[in-house]
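Have a look at the structure below, then the notes.
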Amino acid sequence: MTGNVRVALVDDHPLFREGVASVLAGCRDIEVVAQGGSANEAAEIAQAHRPDIVVLDVSIPGGGLGAIREIATHCPASRVMMLSVSVDKSDVLEALRLGARAYVVKGVSGRELIQALRIVVQGERYISPSLGAMLLSDVDRDKGVTPTPAVRALNSREAAILSLVRQGLTNKQIATRLQLSDKTIKHYMTSVFQKLHVRNRLEAALLIKKTAESPADTSAVG
């Protein structure tokens, strides 16, 4: 993509919005084109400005989840990123199901937020690492997962690392637990993602969730 990334910010706390806008103003390739404070304003801004990314909070007046649906229907070229304090599993999964391309937890650093925006505008998905770990962990806790051919293809070290990811551990915590370097863990995670045919923790979580819901169907995975 060429030119600036055009971003709209929608949050019902003006001071928070201004803080995010100030952070983004320090990036030459990112431009905040509009701000709003409700689901209705999010839909209006999306249609009026056609931003590349609309940043929404789940809890805005009118409901952030409903705003995703409106934007996806009327402005499909505008990608939605959730920036919210809510880490409720149902909120996260519903936002992703409705079409949000990212889910970021408030309190992240400006660097991570900017990284997430750039990932999304490139057509990829992004989720805060802690949320990806939570989804994997919750799936295992709620339902038994029948191993798919892809999961069975993992070697013992990869399977052990995936098990720790499902427990909610970060790469750094896994490295400490297994007495390996962060770089080595990243290498193993890359191999795990390749074997599962996913690109990140988010897609791994969604894949395993789907497997847990349909344990008898393994033909489409692998």
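Read-outs throughout are calculated quantities, based only on the coordinates presented, and are distinct from any laboratory measurement. This is a predicted model, so every value here is computed, not measured.
Things worth noting here:
- Cα pair distances of segment 5-127 binned at 10 Å [whole percent]: 15, 54, 30, 1
- By the compact-protein rule of thumb, 2.2 N^0.38 Å, the alpha-carbon radius of gyration of segment 1-71 corresponds to a ratio of 1.05.
- Using θ = phi - 60° and Karplus 6.51 cos²θ - 1.76 cosθ + 1.60, couplings along segment 107-113 (whole Hz; Gly, Pro as x): x, 5, 6, x, 4, 5, 4
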